[in-house]
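Right, one structure below, let's go through it.
The values are calculated or read from the model by the stated rules, or taken from the named source; none is laboratory data. Computed from a predicted structure; not experimentally measured. Cβ placement follows ideal geometry from the backbone for every residue including glycine, while neighbour counts extend to all protein chains displayed.
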Amino acid sequence: MLLTLSTTHRPATDLGYLLVKHPERVHTFDLSTGTATVLYPQADEQRCTMALLLEVDPRRLVDGKAEGQLNQYVNDRPYAASSLLAAALNRVFRTAARGVSKDRPELAATAIPLEVRVPVLRAKGGLALAERLFTPLGWTLAGSALPLDEARPEWGDSRYLDLTLSGQVRLADALNHLYVLLPVLDDAKHYWVAPDEIEKLLRAGEGWLSAHPERPLIIRRYLAHSRALAERADEQLAPLAEAAADDSVAEHAAEKPKPLNLVRRAAVLAALAETGAARVLDLGCGGGALLGDLMKDQRYTEIVGADVSPRALELAERRLRLHRLPDRQRARISLVQSALTYVDERLRGYDAAVLMEVIEHLDLPRLPALCAAVFGDARPGAVIVTTPNVEYNVRYEHLPEGEHRHDDHRFEWTRAEFARWCDEVAAEYGYTVALRGVGDPDPEVGTPTQLALFTKATTATEAAA
Ligand code: SAH
């Protein structure tokens, strides 16, 4: 991976002072992900170019971080500029990114002509998104999508850009823009996420992020779309997260006293305990917060987390530290990749299943397929479903009227809509259903979350079996 940064400020070689890296030397850095090299292909009075080369060692991405899975080796991480490049920038130019310069303090505070080129940049959203991200910060963009295969133009473009940014920008700002926006464009962050990610974002975004027109997207993507992280942020860094992400986590921000996700999990666990289940499924387990609770409770002898997203499963695996569990504990839990709208034999015959904040992530027309697979085929003894109560949204000050609590929600239901759906599903698949609210009830709009507990009405054949 390669990034170059040039200036035509005179004398251009002052760039070496600002970056605190002498232009006549080659600097190498041993990073946790590989080796970074800083050198200057050009350093004269008129123009000075610094090149940062990052050689990623794919094995280091795995060692000690997660259990070895093939997809961790076979990916584009080593070749494409990405969050790893951003992390290397941050590490190598830490002083410069703070805007501090012993030798050229005034220059460090001055906008100078800069040009940044990243010849291979993974960009989901292409040049159009890159423009929305960088133009408001004073950059002019030039670039083009790289073809999938140069010999076969008919195959179209790849997800990679050859991107050049130019502008009159303070060097420290430039480094911070890149540090935040390269991973945002990449949108497939390396899979371990530092717990201090939110603080890093706040620090690097100081002075420009709060007024950026794409702030919600930047925050969401920077935090790697991670429900788990948003949750962890909520649990551990709530004040910071709320200040930074008031738009995208409106739901969390509104509930300082006791985060709704904790209340919800407690309600689900209580309902699950009532069913007397020992072998349980967490369907759409996401980053595994509920799985963590279940593991702590020895009444659950067999716990299966299922999700369609490999990323979610990776996060769950790391959160639960599966590779460090003693064998007996490890044997209680398994994670499976599964699309809940398809029949999956592995999910049959459990005592209970949880669908916590999952159904609203499906397009409504796909919901019957999920019901057929879960209630019709997997047929657990009980099913616990939670989903937002859309009526309650008016109580979230930061949530614009008519908007969903999360961008990824395809629908949010009123209490009447949820009740009707529950009745239909129960009737069609032979379950009884009890509805309850989760969270502090509001006299007009009810509770923020709604919960349904379905219990299988034992049929004659099933009772005999
Ligand atoms: N239950 C977790 C996560 C909720 S987010 C919690 O409450 O914290 C919704 C989760 O459902 C995501 O992890 C998403 O990947 C998963 N999901 C969405 N559609 C799915 C599908 N069709 N099959 C399996 N999982 C799905």
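Values computed for the structure shown
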{"quantity": "Identity of the residue in region 414-438, free of Cβ contacts under 8 Å to residues at least 24 places away in the same chain and loosely packed, with under 15 Cβ neighbours inside 10 Å, that ends up farthest from residue 378 (Cα to Cα)", "calculated": "416"}
{"quantity": "In region 300-313, the residues that are in a strand (DSSP E or B) and more than 8 Å from the ligand (Cβ to nearest atom)", "calculated": "302, 303, 304, 305"}
{"quantity": "Test: residue in region 384-400 that is over 13 Å from residue 455 (Cα atoms), in contact with a helix residue (DSSP H, G or I) (Cβ under 7 Å, 6 or more places away or on another chain) and surrounded by fewer than 14 Cβ atoms within 10 Å (Cβ to Cβ)", "calculated": "no"}
{"quantity": "Number of positions in region 319-343 that are within 13 Å of the ligand (Cβ to nearest atom) and crowded, with 19+ Cβ neighbours inside 10 Å", "calculated": "3"}
{"quantity": "Residue count, region 344-372 (criterion: within 13 Å of the ligand (Cβ to nearest atom), touching a helix residue (DSSP H, G or I) at 6+ places or on another chain (Cβ under 8 Å) and within 21 Å of residue 272 (Cβ to Cβ))", "calculated": "10"}
{"quantity": "Residue match in region 208-216 (condition: away from the ligand (no atom under 16 Å from the Cβ), at pLDDT 80 or above and assigned by TED's automatic domain parsing to the domain that holds residue 141)", "calculated": "no"}
{"quantity": "Hits in region 271-299 - residues which are of a type in the set (A, V, I, L, M, F, W, C), within 16 Å of the ligand (Cβ to nearest atom) and either outside any loop (DSSP other than H, G, I, E, B) or farther than 19 Å from residue 347 by Cβ (or both)", "calculated": "271, 272, 280, 281, 283, 289, 290, 291, 294, 295"}
{"quantity": "Verdict on residue 316 being in a loop (DSSP other than H, G, I, E, B) and either at pLDDT below 95 or within 12 Å of the ligand (Cβ to nearest atom) (or both)", "calculated": "no"}
{"quantity": "Options 5, 31, 61, 52; residue that is within 22 Å of residue 100 (Cβ to Cβ), modelled with pLDDT under 95 and within 33 Å of the chain's Cα centre (by Cα)", "calculated": "31"}
